[in-house]
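Beneath this line is the structure, given in structure tokens, with notes to follow.
The values are calculated or read from the model by the stated rules, or taken from the named source; none is laboratory data. Values in this document were obtained by computation on a predicted structure and should not be read as measured data. Note that we place each Cβ from the backbone using ideal geometry, even for glycine, and neighbour counts take in every protein chain shown. Calculation scope for accessible area: heavy atoms of the full protein, side chains included, ligands and nucleic acids excluded. Shrake-Rupley method; radii C 1.70, N 1.55, O 1.52, S 1.80 Å.
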Amino acid sequence: MNNNVVQNITDAVTYIKSQSKVKPRIGVILGSGLGHFVSHMNVETTFPFNAIPNFIPTTVEGHSGNLILGDIDGVQLVVLQGRLHYYEGHDMNTVVFPTRVMAALGIEILIVTNSAGGYGDGMNAGDFMIIEDHINMMGTNPLMGPNIKTLGPRFPDMTQAYDKELLEMAEKIFRAQKVFFHKGTYIGVTGPTYETPSEIRMFKSMGGKAVGMSTVPEVIAANHMGLRVAAVSCITNLAAGISAHKLTHDEVTVTAKRVEKSFCDFLKEFISKI
Ligand code: HPA
């Protein structure tokens, strides 16, 4: 990708708009194991990442890498099935490029989902957590470098990075569906190693309840561009030192699969109520 981020976004958006009539108001990023959500949509167009100018394919198992346009109950949306992670070796501008393209397609609201390790009191694998706030432990920020004024301000406010009204709406839906959930702070790390038990103890003492290797860059880029954001983690495993066994990506995907139906039911209802 060349350095002209705005031109690259414009080229991607022009291509997508030339192939699709959908005018999405909502964007959704699906985390590992959640790709099945698209089977609940009326899909108009599926773009493999490598078909869109300047999009980079994903390299992670369980993330297929498609941008999908369509609707759920008449609500038009754009969905990223799979995402780019910093640990794949992409620079941050590349990681947040699909989020910026969704914003430039006209979405007002971004719903982010992810898998995370849980260390909040009373957490179990398979629980959900509504993200109220985050701590960026990635050691960098997607907005580093000259500010791109057409995207947003130099120093974006992050006081309400996760929109309060959307959080309340998410809570109501989990309650109505009788699905147990937590609320808390997500700590974003680079990965790809899982954490050490000492790191998890530190994150807990910092006020976190879940840790994961995504979401923070996209949420920063979305706030920069003025989107309202909601995010929900699937606690796919207890974090290192809390879990009685070693962590594996298999455990993450198996748990995500196990709770996929409740996660999809939640997302469907959330989108149709927004
Ligand atoms: N740590 C970091 N990222 C994760 C985890 C974890 O335990 N589980 C799923 N994503």
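Note that the stretch 160-177 has calculated 3J(HN,Hα) couplings of 10, 4, 10, 5, 4, 4, 5, 4, 5, 5, 4, 4, 4, 5, 4, 4, 4, 8 Hz, one per residue in order, obtained from phi through the Karplus relation 6.51 cos²θ - 1.76 cosθ + 1.60 (θ = phi - 60°); glycine and proline are x.
Given the chain, what percent of its DSSP beta bridges are antiparallel, to the nearest 5?
Numbers: 18 of 49 bridges.
Of those bridges, close to 35 percent are antiparallel.
Cα centroid separation, the stretch 162-176 to the stretch 232-274: 18 Å. Sequence-ordered 3J(HN,Hα) estimates for the stretch 70-81 from the Karplus curve with 6.51, -1.76 and 1.60 and θ = phi - 60° stand at x, 8, 10, 6, x, 7, 7, 8, 10, 10, 9, 9 Hz, glycine and proline given as x.
Once you list every other residue whose beta carbon is under 13 Å from the beta carbon of Thr159, what net charge do they have if Lys and Arg are +1 and Asp and Glu are -1?
Net charge around Thr159: -3.
Distant-in-sequence amide contacts of Leu238, defined by a placed amide H-H separation under 5 Å and a gap of 5 or more residues or a different chain, comprise Gly118, Ala125. For the chain, the carbon plus sulfur part of the accessible surface works out to 52%, probe radius 1.4 Å. Counting only residues at least eight positions apart within a chain, or on another chain, the lysines with an alpha carbon under 28 Å from that of Lys261 are Lys23, Lys164, Lys172, Lys178, Lys183, Lys209, Lys246, Lys273. Mean silhouette area of the stretch 90-183, derived from the convex hull of its C-alpha atoms and averaged over all directions, reads 7.9 nm².
With θ taken as phi - 60° and the Karplus curve 6.51 cos²θ - 1.76 cosθ + 1.60 applied, the whole-hertz 3J(HN,Hα) list for the stretch 139-152 is x, 7, 8, x, 9, 4, x, x, 5, 9, 4, 5, 8, x Hz, x standing for glycine and proline. Comparing mean-square fluctuations of Ala176, Ala240, Ala125 from a GNM of the chain with C-alpha springs under 10 Å, the top value falls on Ala176.
Where Rh denotes the Kirkwood radius from the mean inverse Cα pair distance, what is Rg over Rh for the stretch 143-192? Mind showing how you got there, number by number?
Details: Rg = 16.3 Å, Rh = 14.3 Å.
So for the stretch 143-192, dividing Rg by the Kirkwood Rh gives 1.14.
In this structure, the amide hydrogen of Leu110, modeled 1.01 Å from its nitrogen in the peptide plane, lies closer than 5 angstrom to those of Gly27, Arg228, Val229, Ala230, counting only residues at least 5 positions away or on a different chain.
Could you work out the helix-only [θ] at 222 nm for the chain, with each DSSP H run of four or more residues adding -39,500 (n - 2.57) and the total divided by the number of residues, to the nearest 500 deg cm²/dmol?
Helix-only estimate at 222 nm: -9000 deg cm²/dmol.
Under 5 Å from the amide H of Ile187 lie the amide H atoms of Ile135, Lys209, Ala210, Val211, Gly212, each residue being 5 or more positions distant or on a separate chain, with H modelled from the backbone and absent for Pro and chain starts. Calculated accessible area for the stretch 182-246 comes out at 36 Å² per residue, all protein chains present (probe 1.4 Å; ligands, DNA, RNA ignored). Dividing the convex hull volume of the alpha carbon atoms of the chain by its residue count gives 114 Å³ per residue.
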